[in-house]
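In what follows, a single structure is set out as structure tokens and then discussed.
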Amino acid sequence: MIILKRKKWRDNPYLIKIKMAKTRRALTGAQCTAEAMRQINPDVVAAYPITPQTNIMHAFSQFVADGAVNTDLVTVESEHSAMSACVGASAAGARAMTATSANGLALMWEVVYIAASTRLPIVMNVVNRALSAPINIHCDHADSMGCRDSGWIQLYSENGEEAYENTIMGVRIAEHPDVLLPVMVCQDGFITSHCVETAEILDDETVKSFIGEYNAQHPLLDVDNPVTYGPLDLFDYYFEHKRQQVLAMENAKRVIREVFDEFGRITGKHYDFFEGYKLDDAEKVVVCANSSAGTVRVVVDELRGRGEKVGLLKVRVFRPWLNNMIVEKLSRVRAVAVLDRSASFGGFGGPLFTEIRSSFHEEKEKPNIINYVYGLGGRELDLEQVRRVFKELEEVKNGNIGKRVRYLGVRE
């Protein structure tokens, strides 16, 4: 029996007693996500099929058909309609979820911004996939990185178990009254979504107790307290509403920390915005997100066995960005390679590199930082490529920067 001390949103502390059970199961990343959605039991799920997200909704629709959830599953005619249906359901007072990939997310673009600007706590799983053209159904991060300034919180998942956990935590983060922003949970297309690994799954009652009953803030269907969603908002108030979104994202930093800590007491794990591996004395560090962290970790262990002081920093939370934490994690490191699985066309380096380099701009002590764009369109990141990165970091560590932005695994 675990006793968790949790603060109720309306200020009264109370104790929740949870009789917890964990099971280890062989599941794909898509199945892990569907399992989290089953345990969350949202009021409304609206979705349209697109590879490689489709397996999430295949699995979840089976739960609906079997009566394992009470969810109204809305099968719409496009991803634009899927997000629109979630916006309508969430504004009405429902707990709403969806999932998509790549061009589907691009088709949602208009409504993705509306969901965040209207402060609706929708949770969406994004199975990362390259954007067309040319047509490609495999993994890179162009889709979610394109949404980085849309006002959505973004969580990234190394494997199916992390996708499961991030989905559950995402509900609590989104619905907190100091936040009320949508959350995007990302996992790598095919690499994570379709590959089977063992994952630790909590029992239904533990998840139900953790997320709690949904108490919608200002629902449209509360006729005694009428509200308006989506009005015309010109220069007289628009700026103030955008400023409130900025504040909500600032509040999310504290709320994410609280949710991570609370969920960590349940699972026995430590969750953080940036999660280090063998960082304490590391001189050369690779920074990356999603499944690539597992590949880098193998090489870190290999090189550590040879006496090299190398490490990994994995990004779990990309939005909101904690610049102070990234400085704290990397300030004592001599050379850093940031791996971006997306290109910022016309920019100087990828999105992750840009954020990290900017965070160190005013610091007197900083590592030499270089960028590798890699894995576009699903091209494999193999162990030899990671070894090459650490080898080139040796030169960077000694002050021989060379090209600041490089391309890994491409024919040039």
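Under the condition of being among the hydroxyl-bearing types (Ser, Thr, Tyr) and assigned to a loop (DSSP other than H, G, I, E, B), which residue from segment 225-250 is nearest to Leu180 (Cα to Cα)? Steps first, please.
If we filter segment 225-250 for residues that are among the hydroxyl-bearing types (Ser, Thr, Tyr), which is where we start, we get 228-229, 237-238.
With assigned to a loop (DSSP other than H, G, I, E, B) added as a condition, the list becomes 228-229, 237.
Numbers: Thr228: 16, Tyr229: 14, Tyr237: 19 Å.
Selected residue: Tyr229.
Is it true that some residue in segment 118-136 is of a type in the set (Gly, Ala, Ser) and in contact with a Ser or Thr (Cβ under 7 Å, 6 or more places away or on another chain)? Give the derivation first.
Applying the first criterion (of a type in the set (Gly, Ala, Ser)) to segment 118-136 yields 130, 132-133.
Still in the running and in contact with a Ser or Thr (Cβ under 7 Å, 6 or more places away or on another chain): none.
So far as segment 118-136 goes, no, none of its residues is of a type in the set (Gly, Ala, Ser) and in contact with a Ser or Thr (Cβ under 7 Å, 6 or more places away or on another chain).
Determine whether Pro134 is touching a residue at least 60 places away in the same chain (Cβ under 8 Å), part of a loop (DSSP other than H, G, I, E, B), not aromatic (Phe, Trp, Tyr) and not assigned by TED's automatic domain parsing to the domain that holds Ser344. Break it down stepwise before answering.
Values: touching a residue at least 60 places away in the same chain (Cβ under 8 Å): no; part of a loop (DSSP other than H, G, I, E, B): yes; not aromatic (Phe, Trp, Tyr): yes; not assigned by TED's automatic domain parsing to the domain that holds Ser344: yes.
So Pro134 fails the test.
Looking at segment 145-157, is at least one residue crowded, with 21+ Cβ neighbours inside 10 Å, among the charged types (D, E, K, R) and at pLDDT 95 or above?
No: zero hits.
Considering only strands (runs of 3 or more DSSP E) fully contained in segment 43-111, which possess at least 3 residues that are under 21 Å from Tyr164 (Cα atoms) and in the same structural domain as Ile191 (by TED's automatic domain parsing)? Spell out the reasoning first.
Details: elements: 44-47, 72-75, 96-100.
Of the strands (runs of 3 or more DSSP E) lying wholly inside segment 43-111, those with at least 3 residues that are under 21 Å from Tyr164 (Cα atoms) and in the same structural domain as Ile191 (by TED's automatic domain parsing) span 44-47, 96-100.
Checking Glu365 against (1) modelled with pLDDT under 95; (2) crowded, with 18+ Cβ neighbours inside 10 Å, only one condition comes out false. Which one?
(2)
Please give the number of the condition Glu262 fails out of (1) acidic (Asp, Glu); (2) in contact (Cβ under 8 Å) with a residue 60 or more places away in the chain; (3) closer than 20 Å to Glu355 by Cβ.
In the conditions (1) acidic (Asp, Glu); (2) in contact (Cβ under 8 Å) with a residue 60 or more places away in the chain; (3) closer than 20 Å to Glu355 by Cβ, Glu262 misses (3) alone.
Here are the criteria: (1) surrounded by 18 or more Cβ atoms within 10 Å (Cβ to Cβ); (2) free of Cβ contacts under 8 Å to residues at least 40 places away in the same chain; (3) assigned to a helix (DSSP H, G or I). Tell me which single one Asn324 does not satisfy.
Looking at each condition in turn, Asn324 falls short on (1).
Give Leu376, Leu383 a once-over and let me know the one that is among the hydrophobic types (A, V, I, L, M, F, W, C), in contact with a Ser or Thr (Cβ under 9 Å, 6 or more places away or on another chain) and surrounded by fewer than 17 Cβ atoms within 10 Å (Cβ to Cβ). If you could, list the steps in order and put the result at the bottom.
On the way: Leu376 fails: surrounded by fewer than 17 Cβ atoms within 10 Å (Cβ to Cβ).
Residue meeting the stated conditions: Leu383.
Every residue in segment 290-318 that is surrounded by fewer than 18 Cβ atoms within 10 Å (Cβ to Cβ), over 24 Å from the mean Cα position of the chain (by Cα) and assigned to a helix (DSSP H, G or I), please.
Selection gives Asp301, Glu302, Arg304.
Only one residue in Asp236, Asp224 is in the same structural domain as Val126 (by TED's automatic domain parsing), farther than 30 Å from Glu110 by Cβ and surrounded by fewer than 14 Cβ atoms within 10 Å (Cβ to Cβ). Which one?
Numbers: Asp236 fails: farther than 30 Å from Glu110 by Cβ.
When all the criteria are applied, what remains is Asp224.
The values are calculated or read from the model by the stated rules, or taken from the named source; none is laboratory data. These numbers were taken from a predicted model, which means no experiment stands behind them. Every residue, glycine among them, receives a Cβ derived from its backbone with ideal geometry; neighbour counts consider all protein chains shown.
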